[in-house]
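The structure follows.
The values are calculated or read from the model by the stated rules, or taken from the named source; none is laboratory data. The structure displayed is predicted, hence computed values, not measured ones. We place every Cβ from the backbone using ideal geometry, glycine too, and count neighbours over all the protein chains shown.
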Amino acid sequence: MKKIKQWAAMGLAAAMAMSLSACGGNKSAVTATSAATTAAESETKAEEPTASAEPVELRFSWWGGDSRHAATEEAIKAFEAKYPNITVAPEYGAWTGWEEKQSLNILGGNAPDVMQINWNWIESYSQGGTAFANLEDYADVLDLTQFSKESLDLCKADNKLMAVPISSTGRVFYWNKTAFEEVGCDIPTDLDSLYAAGEAFKAYDPDMYPMALGEYDRAILFVYYLESKYGKNWVEDGKVNYTEEEVKDGMDFFKTLEEKHVTPTAMAIRGDMADSLDKNAKWIDGKYAGIFEWDSSASKFKAALEGSVNKPGQEFVVGDFIKMGDYDGGFTKISMAFAVAGNSKHPKEAAMLINFLLNEEEGVKICSTERGIPNSAEGLKILADNNLGDPLTIEANTKVMNYSKFILDSKFEHNDLKADPDGAYYKVFGKLSTGEFTSEQAASELIKAVTETLEN
């Protein structure tokens, strides 16, 4: 786990080079590597995989927003055109309830051939390295040399490569700049300005809030707050690394956020009846003016905001990290990965689809940064050479990779903790918000739930 920052830093350097290229800057950083890779590229082209003549049908599942869906469907069509005997059946939707559905498919032996998975699924659902195919067995059609050893090692279980990393990510603060200008206050950069924003929004319009935080968002911001203040990883050596009093402090922080009108209650957000925040009318129309989200999710929130019929012309921006203590809080992780079902009848063709999406020019250009800044070296080079990539995603990814210093425990996203609505995060932060739990009770329950998950 401690090596995650090393390969993340390498990805950052490449992303920065791409960002310069996208702005029309000097491409020497990319050009300098071209000579060294020419031979390897020639070899790859010479050994380009060919599918058998037999008809093949693959199922391919992923979650995301509308722009990711559209780009992936376009990439599928391009893949099918390249391999006319292969048909790809897409299965996609929003994140809400997605893991629960897919975990049943994986554990029940009915998983799609190709899956976009969360990094923690490797540990949660690999079933001793059998639920997902060992992708090292298909290195003849899936170019694994494009990924750092560190990133591939993080995708192994029982010494088998269960998936290939798509991108790395972390959470950043995004703001509706137009809403802040309307209210007449600055975008927050520290706790004082965050609390002041809550007061200003309430005075201007009691239905407007500077942020909106669902239960899982609260769990991640809770850790960010503790890391910022105390300078420790949330989990260390398989145990919660904070005292009950320190965890209570984090719970008090969230009571303060609600009391100072920084965020609506968790129940109020649920009452908006939206599948996800980017589809929430109060986000779209500027009533909720800020979020704490993955850098790889920027495009769907931006598109939703800019597509508002009731309030056109809103500006979506990446903010600075809010200082909540003497340390730079936050963690980075593998955003998502592609895996092949262990019982797929066509694992080679499935691996070919993954290679097309991550390493081949046509697939990379179509998908661009819809799943974040690519971990594939070739994918990064293709985007840089073609001046592609969402500038907002690049800006956000660069910020989080520069700022966040802490290590994510691999079980932080375990379904027992993050499942909606029965996971511990939803229960604890939901009951804290309604007043059913005191801060002391919430702290005790969260420590208990996380400890049980770590020990199982």
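Going by the conditions given, is Lys333 in contact (Cβ under 8 Å) with a residue 24 or more places away in the chain and in a strand (DSSP E or B)? Before the answer, list the steps.
On the way: in contact (Cβ under 8 Å) with a residue 24 or more places away in the chain: yes; in a strand (DSSP E or B): yes.
So Lys333 passes the test.
Further question on the same structure: Consider Ala163 against the criteria (1) within 30 Å of Trp283 (Cβ to Cβ); (2) modelled with pLDDT of 95 or more; (3) in contact with a Phe, Trp or Tyr (Cβ under 7 Å, 6 or more places away or on another chain): it satisfies all of them except one. Which criterion is unmet?
Just one mismatch for Ala163, condition (1).
Taking Pro374, is it out of contact with any Asp or Glu (no Cβ under 6 Å at 6 or more places or on another chain), buried (at least 21 other Cβ atoms within 10 Å of the Cβ) and in the same structural domain as Ser151 (by TED's automatic domain parsing)? Spell out how you get there, then give the answer.
Numbers: out of contact with any Asp or Glu (no Cβ under 6 Å at 6 or more places or on another chain): yes; buried (at least 21 other Cβ atoms within 10 Å of the Cβ): yes; in the same structural domain as Ser151 (by TED's automatic domain parsing): yes.
For Pro374, the condition - out of contact with any Asp or Glu (no Cβ under 6 Å at 6 or more places or on another chain), buried (at least 21 other Cβ atoms within 10 Å of the Cβ) and in the same structural domain as Ser151 (by TED's automatic domain parsing) - is met.
Going through Asn415, Asn397, Asn402 one at a time, which residue ends up being modelled with pLDDT under 95, of a type in the set (S, T, N, Q), surrounded by fewer than 23 Cβ atoms within 10 Å (Cβ to Cβ) and touching a Leu at 6+ places or on another chain (Cβ under 8 Å)?
Numbers: Asn415 fails: touching a Leu at 6+ places or on another chain (Cβ under 8 Å); Asn397 fails: surrounded by fewer than 23 Cβ atoms within 10 Å (Cβ to Cβ).
The match here is Asn402.
Scan the range 398-427 for residues that are part of a helix (DSSP H, G or I), of a type outside the set (Gly, Ala, Ser) and touching a residue at least 24 places away in the same chain (Cβ under 8 Å) and jot them down.
We begin by selecting, within the range 398-427, every residue part of a helix (DSSP H, G or I); these are 398-403, 415-418, 424-427.
Of the ones still in play, those that are also of a type outside the set (Gly, Ala, Ser) are 398-403, 415-418, 425-427.
Answer for the range 398-427, where residues must be part of a helix (DSSP H, G or I), of a type outside the set (Gly, Ala, Ser) and touching a residue at least 24 places away in the same chain (Cβ under 8 Å): Thr398, Lys399, Val400, Met401, Asn402, Tyr403, Asn415, Asp416, Leu417, Lys418, Tyr425, Tyr426.
Now, a different point. State whether the residues of the range 88-101 include one that is assigned by TED's automatic domain parsing to the domain that holds Asn375, at pLDDT 95 or above, surrounded by 21 or more Cβ atoms within 10 Å (Cβ to Cβ) and within 21 Å of the chain's Cα centre (by Cα).
no
Then there's this: With the checklist (1) closer than 25 Å to Thr332 by Cβ; (2) in contact (Cβ under 8 Å) with a residue 24 or more places away in the chain; (3) crowded, with 21+ Cβ neighbours inside 10 Å in hand, flag the one item Ile106 doesn't pass.
(1) is the only condition that Ile106 fails.
May I pose another question? What residue, among those in the range 358-373 that are among the β-branched types (Val, Ile, Thr) and in a helix (DSSP H, G or I), is nearest to Phe301 (Cα to Cα)? Step through it out loud before you land on a result.
In the first step, residues of the range 358-373 are kept if they are among the β-branched types (Val, Ile, Thr); the result is 364, 366, 369, 373.
Pick out the ones that are also in a helix (DSSP H, G or I) and you get 364, 366.
Working: Val364: 22, Ile366: 20 Å.
It comes out as Ile366.
Mind listing just one residue for me: the one in the range 287-313 that is under 17 Å from Ala197 (Cβ atoms) and not hydroxyl-bearing (Ser, Thr, Tyr) and, of those, nearest to the chain's Cα centre (by Cα)?
Phe292
Residues in the range 428-456 that are of a type in the set (D, E, K, R), exposed (fewer than 15 other Cβ atoms within 10 Å of the Cβ) and in a helix (DSSP H, G or I): how many? Lay out the reasoning, then the answer.
Of all residues in the range 428-456, those of a type in the set (D, E, K, R) come to 431, 436, 440, 445, 448, 452, 455.
Next cut, exposed (fewer than 15 other Cβ atoms within 10 Å of the Cβ) only: 436, 440, 448, 452, 455.
In the following step, the residues that additionally are in a helix (DSSP H, G or I) were identified as 440, 448, 452, 455.
Residues that pass the stated criteria total 4.
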